[in-house]
Amino acid sequence: MKGDIYLSPEPAANAFLKENPFGLLMGMLLDQQIPMERAFSAPYLLNARLKTHFDKVLSAANLASLGEDQMTALFSEKPALHRFPKAMAAKCHLLAERVVTDYHNDAAALWEGADSAEALLSALESLNGFGTDKSKIFIALLGKRFNAAPVGWERVSDPFGRADEVRSVADASSPEALEEIRLFKAKMKAMTKASS
């Protein structure tokens with residue numbers, strides 16, 4: 001681990017993300033239209049629900065083995081894992097199937113097996129729900145917080161890989177950093193709104 005992570009206010013959820021690469025990837029997928037810390041707490045909560053209902057732990061193979069109704073029920077259980085539980089359950093199911101098929105149920109193989117930072121960016125962009133910015137942010141997260149990105153990640157993930165800026169989930173190392181990220185996003189949103 002290169003740096004501390006504060007992706008969730010729950011220490012157990014942060015610890016879970018450090019140990020579960022698929023959970024980390026899933027948290028990044030869920031990080032849209034809800035607070036970042038809610039998105040990254042979801043894999044930990046989903047793991048608990050899988051244990052309770054199916055005696056399984058969170059893995060790509062275990063999620064891929066579930067049916068649509070089972071996935072939707074897990075995501076919809078209170079508290080819901082996302083603002084749009086049915087749609088995001090479907091996206092996470094597709095992600096799980098892709099990790100099983102292309103990476104032999106090992107999400108970390110996606111970045112550990114990448115020949116270059118460019119190859120990793122391309123692999124991430126090919127995942128359902130990962131656009132260019134989300135893919136760049138995830139590479140910056142791997143590089144800044146986990147020391148697990150290929151050589152050249154700072155350039156490929158620009159501007160999110162910059163060491164002197166706090167702007168995305170990649171910079172979430174403390175409660176204070178999380179607040180800085182919120183302020184940065186609010187500033188960008190206000191600038192976009194003012195220019196439209």
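See the values below:
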| read-out | value |
| --- | --- |
| Residue in region 140-169 that is surrounded by the fewest Cβ atoms within 10 Å (Cβ to Cβ), counting only those that are β-branched (Val, Ile, Thr) and assigned to a loop (DSSP other than H, G, I, E, B) | VAL151 |
| Number of the condition not met by LEU124 [criteria: (1) over 21 Å from GLU97 (Cβ atoms); (2) open to solvent by less than 40 Å² (accessible area, probe 1.4 Å)] | (1) |
| One residue from ALA90, ALA172 being open to solvent by less than 30 Å² (accessible area, probe 1.4 Å) and within 18 Å of GLY23 (Cα to Cα) | ALA172 |
| Condition broken by LEU183, with the remaining ones in (1) outside any loop (DSSP other than H, G, I, E, B); (2) touching a Gly at 6+ places or on another chain (Cβ under 9 Å); (3) farther than 19 Å from LEU25 by Cβ satisfied | (2) |
| Matching entry among ARG167, ARG155, ARG162, ARG83 (being of a type in the set (D, E, K, R), over 21 Å from ALA39 (Cα atoms) and touching a residue at least 12 places away in the same chain (Cβ under 8 Å)) | ARG155 |
| Neighbours by Cβ (under 6 Å, 6+ apart or cross-chain): first from region 96-113, touching a residue at least 60 places away in the same chain (Cβ under 8 Å); second among the β-branched types (Val, Ile, Thr) | ALA107/VAL99 |
| Meets criteria (open to solvent by 70 Å² or more (accessible area, probe 1.4 Å) and at positive phi) for ASN105 | no |
| Neighbours by Cβ (under 6 Å, 6+ apart or cross-chain): first from region 117-133, in contact (Cβ under 8 Å) with a residue 12 or more places away in the chain and small (Gly, Ala, Ser); second assigned to a helix (DSSP H, G or I) and surrounded by 13 or more Cβ atoms within 10 Å (Cβ to Cβ) | ALA117/TRP153; ALA117/VAL156; ALA123/LEU110; GLY129/LEU29; GLY129/LYS91 |
| Helices (runs of 4 or more DSSP H) contained entirely in region 1-86, each with at least 2 residues that are surrounded by fewer than 20 Cβ atoms within 10 Å (Cβ to Cβ) | 11-19, 36-54, 60-64, 68-76 |
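The values are calculated or read from the model by the stated rules, or taken from the named source; none is laboratory data. Given the structure is predicted, the values throughout are model-derived calculations rather than measurements. Heads up, the Cβs are rebuilt from the backbone with ideal geometry, glycines too, and the neighbour counts pull from every protein chain shown. Accessible surface areas use protein heavy atoms only, side chains included; no ligands, DNA or RNA. Shrake-Rupley method; radii C 1.70, N 1.55, O 1.52, S 1.80 Å.
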